[in-house]
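Asker: After the structure tokens below, expect a handful of questions from me.
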Amino acid sequence: MERQITTGKLLATQGYVSGVEISGSGSRQSVALADLDGNILYKARRPLEYVPDTQTVLRLLDEMLAEVTAPERLRDGRILRAGVAVGGLVDSSQGVVRTMHHAQGWNNFPLQDYLVEKLDVPCIIDNNANAAALAEVESGAASPSGEEGGHKKAERVVLYIGLGRGIGGGLVANGKIYHGTTCTAGEIGHMQVKEHGPKCSCGAFGHLEAIASAQAISRTMIGLSVEYPETEAAIRRVTGARAERITAEQVFQLAAGGDPIAQRVIEDVYTYLGIAIANIVYLINPGLIVLGGQVALAGELLIAPLQARVDDLCLPVVGQSVRIVQSKHGSEANIVGAVTLALQDV
Ligand SMILES: [Zn+2]
């Protein structure tokens, strides 16, 4: 029998939540079914090799939602809430996708209303980095037991930086996502870090995303290698002769192996990501910065030099107050984030 206690929030003891991940670029479209403890029980995933139009994404979502919420999976009750992590600008208070820089057709799309109608349950939508930040606080690298050795103290101010195809940021203070006045707080990919720098996905120049995102690192590496036969050969070696597939992690590894071009590329990542983080640290004084996304797969090759760079740029008392760590949820951060959003009010 379903038992519900109302204390301002709905406290259910039975049922499920659903998490939805929409990347915009097409690479990550997923729907998950989770229990009320946040354990993911089933997941449907439809990655695409191209940037899909809005209708294609919505059709895939419908298919995946039908698969995930099939009656045989819902033996212990119904879906109580859905959470959606979107790879773009989201006005979470209005439930609207404002824009996606990597895909057309999403401007001011009322995604929350669309899903409420489909699922007939309350939905919470938010930017994917905000969702991932919340997930790292609730159950990941910033949770009281999330770090190796069982770190005991809950961090009050945590910044998550998603270094994926683009760069997103999410700030969680005292357990809540900080959205800012118009829900654009944390959009650190578009911080100006280099005057006359490379062109960003938003059209402007010198933004952090155009230097330190996974796509920027791979593109810069391929572009620079053209004049260096030894580097070209190294790229072919690690990619199985498919240079266009080189990952940011591979660029870090080539740099560690002594390739001077790879070292140039990641030196810029340390410099400009370091500048961005140092500036952010002065403003918000986070105890922990969690790095996620493909670039963070480089692990200590990224984190140790970056922490040193931030220490150099900040006053000692400021730099020493923040630790930089790798995301615990890794490539699952956005879908775990979507589930975490759904569980916020359950
Ligand atoms: Zn930009």
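Asker: Taking only the alpha-carbon positions of the range 99-236 and ignoring solvent, what does the Debye formula give for the base-10 log of I(q)/I(0) at q = 0.09, 0.10, 0.14 Å⁻¹?
Answerer: -0.40, -0.49, -0.84
Asker: Put +1 on the Cβ of every Lys and Arg and -1 on every Asp and Glu Cβ in the range 160-279; which of ALA241, ILE167, ILE177 then has its Cα farthest towards the positive end of the dipole?
Answerer: Final value for the positive-end residue is ILE177.
Asker: Could you state the angle between the C-alpha long axis of helix 260-284 and the longest principal axis of the C-alpha atoms of the chain, as a value from 0 to 90 degrees rounded to the nearest 10?
Answerer: Roughly 50 degrees between the two axes.
Asker: If you don't mind, another one. Put a dot 7 Å past each Cα toward the Cβ at TYR282 and ASN107; how far apart are the dots in nm?
Answerer: The two pseudo-label positions are separated by 3.6 nm.
Asker: Restricting the count to DSSP beta bridges whose residues both fall in the chain, what percent are antiparallel, rounded to a multiple of 5?
Answerer: The antiparallel proportion sits near 60 percent.
Asker: While we're here: If you place +1 on the Cβ of every Lys and Arg and -1 on the Cβ of every Asp and Glu, how big does the dipole about the Cα centre of the chain come out, in debye to the nearest 20?
Answerer: In debye, rounded to 20, the chain gives about 180.
Asker: Oh, and also: List every residue whose amide H lies under 5 Å from the amide H of ILE124, counting only residues 5 or more places away in sequence or on a different chain, with H placed 1.01 Å from N in the peptide plane.
Answerer: Those lying under 5 Å, H to H, from ILE124 are ALA82, GLY83, VAL84.
Asker: Now, a different point. What is the range 98-146 by shape, rounded, prolate or oblate, if you read a ≥ b ≥ c off the alpha carbon gyration tensor as root eigenvalues and call it rounded for a/c under 1.5, prolate for a/b larger than b/c, and oblate otherwise?
Answerer: oblate
Asker: How many Lys pairs in the chain lie less than 26 angstrom apart by Cα atoms, where the lysines are 8 or more positions apart or on different chains?
Answerer: Pairs that pass both the separation and distance tests number 9.
Asker: Also: Output the Cα-based Rg and Dmax of the range 212-317 in Å, rounding Rg to one decimal and Dmax to a whole number.
Answerer: My reading of the Cα-based Rg and Dmax gives 14.8, 48 Å.
Asker: Mind checking which of SER321, GLY24, THR13 is farthest towards the positive end of the chain's charge dipole, using Cβ charges of +1 (Lys, Arg) and -1 (Asp, Glu) about the Cα centre?
Answerer: Positive-most Cα among the choices belongs to THR13.
Asker: Please work out how much length the chain gains when fully extended from THR181 to ALA241, using 0.36 nm per residue of separation minus the C-alpha to C-alpha distance, in nm with one decimal.
Answerer: Length gained between THR181 and ALA241: 16.8 nm.
Asker: While we're looking at this one, here's another question. Using only helices, what value at 222 nm comes out for the chain when you add -39,500 (n - 2.57) per DSSP H run of length 4 or more and divide by the total residues, to the nearest 500 deg cm²/dmol?
Answerer: After summing the helix terms and dividing by the residues of the chain, the value is -11000 deg cm²/dmol.
Asker: Give me, ordered by chain and number, the residues 5 or more places off TYR42 or on other chains with an amide H under 5 Å from its own placed amide H.
Answerer: LEU33
Asker: Take the alpha-carbon positions of the range 257-346, form their convex hull, and give its projected area averaged over all directions (one quarter of the hull surface) in nm².
Answerer: With every direction weighted equally, the projected area is 7.0 nm².
Asker: Calculated FRET efficiency, ARG75 and LEU315, Cβ-Cβ r, R0 56 Å, to nearest 0.05?
Answerer: Efficiency, rounded to the nearest 0.05: 0.50.
Asker: Give me the extension gain from GLN14 to ALA233: residue separation times 0.36 nm, minus the current Cα-Cα distance, reported in nm with one decimal.
Answerer: 73.1 nm
Asker: Angle check, please: helix 333-343 long axis (alpha carbons) against the longest principal axis of the chain (alpha carbons), in degrees 0 to 90, nearest 10.
Answerer: So the inclination is approximately 30 degrees.
Asker: Same structure again: Counting just the Cα atoms, what span does the chain cover along each of its three principal axes? Round to the nearest Å and put the largest first.
Answerer: 67, 46, 36
Any read-out appearing in this document is the output of simple, stated calculations on the displayed coordinates, not a laboratory observation. Just so you know, these numbers come straight off a predicted model, no measurement behind them. Neighbour counts are summed over all protein chains in view; Cβ atoms, including those assigned to glycine, are modelled from backbone coordinates with ideal geometry.
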